[in-house]
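Have a look at the structure below, then the notes.
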Ligand code: NAD
Ligand code: UGA
């Protein structure tokens, strides 16, 4: 079968995989190939056991794989065949050298750009899908135009705004698709080609265009605003706990103001995920580079208050349980950084588990999708940790339960049964405020929500 266009995506991760699955699904006229240097990941994409858990993903993979969607490790071939290349490699925080702990590590991205240059035999559109520092497109253009030949590369910025756990919905019905380009005739032509792809399923008024730097910056700003909102509501939780105000009531009251809106106001034990922290720190690093220290300090505060929120959660457990956790068994209900994903990158649960182990507590971790990653995250840590999928079995014989992830199934657990199987006095620390606190108290638990006065029997 001949296809209208050959699309390649370099990087088969949480973004590259699902975004290409949807493009292939919605555009059967295009051949979509996803390549990765990691052969295990590609083998998993080609199997029934996909490398990531995302509701609805497996069904669409089954409908498209082998039809017009292909997963492969043949990067050279993929580059040669493609007219449009999405770059969706990881851009983690740098762990070494200048900017360590703050700047984005661009080694994967640069390697990709050099591979594209090396293997290309025709002109191509290169789409930045990963989240990059502002002006990365400039560096990419520099690398891609570093040899003398007739091949030309047009670089576009098309940041991804999907959230894990709702990726398929976010991709099928995006709030907006943003495409940044050079405002030259070539840049605008390339931009129109990308608009054409999205127009297959996204309404025209939701596809917005801008200059390339605004597009790169908008992605960082969007994540900074989202994280700031959670940090802001979380920053009032300690206040509520001290004053008998209730953070859920406060969130409802402010969220009904149409200027503020009611989303992203769920207070928690802290936000996690692979991107908020790295993107804000990257933004902070860029600000400092431009001498914008006041701005850098402001945004760094969003991360700092989040770190404090996680620490505060552990200290609350410690003080509630009579200032010693040594030998006590604590069940972590959930380990993923949010519900409906198996992803644990930067999950608050990692920090909390490590701190509880430092206090010599024994941990039992349960999660419907994230136990494989939890084992990897806590590998090599000295302490007693077990991993049990069934929440009833996991909480059996425990002194306390700490809710880490807002999985829906946890709301309907039989807490009377759980209470009976636990050591008394039994504690629940609800790091997500998802449980019925009054009912738990009536059952006999000592209940410690986030941002609400505790309900205790002593
Ligand atoms: P990921 O680690 O899941 O996937 C990246 C993949 O790129 C890995 O499989 C890795 O093996 C591969 N890779 C690295 N270098 C390569 C190379 N030279 N050639 C081929 N493959 C290579 O990362 P992710 O979560 O998909 O994130 C990718 C980018 O998208 C990041 O910049 C991130 O900030 C951004 N982003 C992520 C999300 C999300 O929800 N995870 C949402 C929006 C944007
Ligand atoms: C986030 C953004 O929402 C996406 O738009 C963006 O594309 C993505 O980062 C990215 O660049 O990687 P994601 O991290 O997958 O998506 O998930 P979110 O729903 O944003 O949740 C992030 C964290 O905040 C989770 O730990 C979640 O539990 C927490 N959260 C979220 C709260 O504590 N309270 C809330 O009200 C909302």
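Scanning region 307-322 for any residue that is assigned to a loop (DSSP other than H, G, I, E, B) and modelled with pLDDT of 95 or more turns up at least one such residue. Can you name the residue in region 50-64 that is more than 15 Å from ligand 1 (Cβ to nearest atom) and without any contact (Cβ under 8 Å) to a residue 40 or more places away in the chain and, of all such residues, is nearest to the chain's Cα centre (by Cα)? Per the criteria, the residue is 58.
Please determine, by comparing only the residues of region 82-110 that are part of a loop (DSSP other than H, G, I, E, B) and within 9 Å of ligand 1 (Cβ to nearest atom), which one is farthest from residue 18 (Cα to Cα).
So in region 82-110, the residues part of a loop (DSSP other than H, G, I, E, B) come out as 82-83, 88-92, 94-103, 105-106.
Narrowing the set further to residues that are within 9 Å of ligand 1 (Cβ to nearest atom) leaves 88-92.
On the way: 88: 11, 89: 13, 90: 15, 91: 18, 92: 19 Å.
Ranking the candidates gives 92 first.
Cβ separations smaller than 9 Å between residues 6+ apart or across chains give the following pairs from region 364-379 residues that are touching a residue at least 40 places away in the same chain (Cβ under 8 Å) to residues that are in a strand (DSSP E or B): 367/332; 367/333; 367/387.
Filtering region 1-44 down to residues that are farther than 24 Å from residue 198 by Cα and either away from ligand 1 (no atom under 13 Å from the Cβ) or without any contact (Cβ under 8 Å) to a residue 24 or more places away in the chain (or both), which residue is surrounded by the most Cβ atoms within 10 Å (Cβ to Cβ)? Let's see the steps before the verdict.
Our first condition is that a residue be farther than 24 Å from residue 198 by Cα; within region 1-44, this holds for 37-44.
When the remaining residues are screened for being either away from ligand 1 (no atom under 13 Å from the Cβ) or without any contact (Cβ under 8 Å) to a residue 24 or more places away in the chain (or both), the result is 40, 43-44.
Details: 40: 9, 43: 13, 44: 17.
Selected residue: 44.
Listed here are the residues, each with its yes/no results for (1) closer than 18 Å to residue 431 by Cα; (2) part of a loop (DSSP other than H, G, I, E, B); (3) within 16 Å of ligand 1 (Cβ to nearest atom); (4) touching a helix residue (DSSP H, G or I) at 6+ places or on another chain (Cβ under 7 Å).
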position: 351; (1), (2), (3), (4): yes, no, no, yes
position: 354; (1), (2), (3), (4): yes, no, no, no
position: 368; (1), (2), (3), (4): yes, yes, no, yes
position: 379; (1), (2), (3), (4): no, yes, no, no
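May I ask you to verify whether residue 169 is surrounded by fewer than 19 Cβ atoms within 10 Å (Cβ to Cβ) and within 16 Å of ligand 2 (Cβ to nearest atom)?
Details: surrounded by fewer than 19 Cβ atoms within 10 Å (Cβ to Cβ): yes; within 16 Å of ligand 2 (Cβ to nearest atom): yes.
Taking the combined requirement at face value, the residue satisfies it.
So which of 326, 339 is within 16 Å of ligand 1 (Cβ to nearest atom), modelled with pLDDT of 95 or more and part of a loop (DSSP other than H, G, I, E, B)?
Just one listed residue meets the conditions, 339.
Inspect all residues belonging to region 240-252 and state whether any of them is under 21 Å from the mean Cα position of the chain (by Cα) and over 17 Å from residue 428 (Cα atoms). Step through it out loud before you land on a result.
To start, the set of residues in region 240-252 that are under 21 Å from the mean Cα position of the chain (by Cα) comprises none.
No, there is no match, as no residue in region 240-252 is under 21 Å from the mean Cα position of the chain (by Cα) and over 17 Å from residue 428 (Cα atoms).
Would you please name the residue that is nearest to residue 47 (Cα to Cα), looking only at residues in region 8-19 that are within 16 Å of ligand 2 (Cβ to nearest atom) and either assigned to a helix (DSSP H, G or I) or more than 19 Å from the chain's Cα centre (by Cα) (or both)? If we take residues in region 8-19 being within 16 Å of ligand 2 (Cβ to nearest atom) and either assigned to a helix (DSSP H, G or I) or more than 19 Å from the chain's Cα centre (by Cα) (or both), then 17 is nearest to residue 47 (Cα to Cα).
Screening residue 47 on (1) surrounded by fewer than 24 Cβ atoms within 10 Å (Cβ to Cβ); (2) in contact (Cβ under 8 Å) with a residue 40 or more places away in the chain; (3) within 24 Å of the chain's Cα centre (by Cα) shows it passes everything except condition (2). Condition check: in contact with a helix residue (DSSP H, G or I) (Cβ under 9 Å, 6 or more places away or on another chain), more than 16 Å from ligand 1 (Cβ to nearest atom) and touching a residue at least 24 places away in the same chain (Cβ under 8 Å). Does residue 269 satisfy that? So residue 269 passes the test.
Only one residue in 428, 434 is surrounded by fewer than 22 Cβ atoms within 10 Å (Cβ to Cβ) and outside any helix (DSSP H, G or I), so which one is that? Before the answer, list the steps.
Numbers: 428 fails: surrounded by fewer than 22 Cβ atoms within 10 Å (Cβ to Cβ).
On inspection, the qualifying residue turns out to be 434.
Cβ-Cβ distances below 8 Å connect the following pairs, each with a first residue in region 184-211 that is closer than 11 Å to residue 156 by Cα, a second residue that is at pLDDT 95 or above and part of a helix (DSSP H, G or I), and a separation of six or more residues or different chains: 187/212; 209/191; 209/195; 210/218. Scanning region 293-308 for residues that are surrounded by fewer than 18 Cβ atoms within 10 Å (Cβ to Cβ) and within 11 Å of ligand 2 (Cβ to nearest atom) yields a count of 0.
The values are calculated or read from the model by the stated rules, or taken from the named source; none is laboratory data. Everything quoted here is computed from the prediction, not taken from an experiment. FYI the Cβ positions are ideal-geometry reconstructions off the backbone, even for glycines, and counts take in every protein chain you see.
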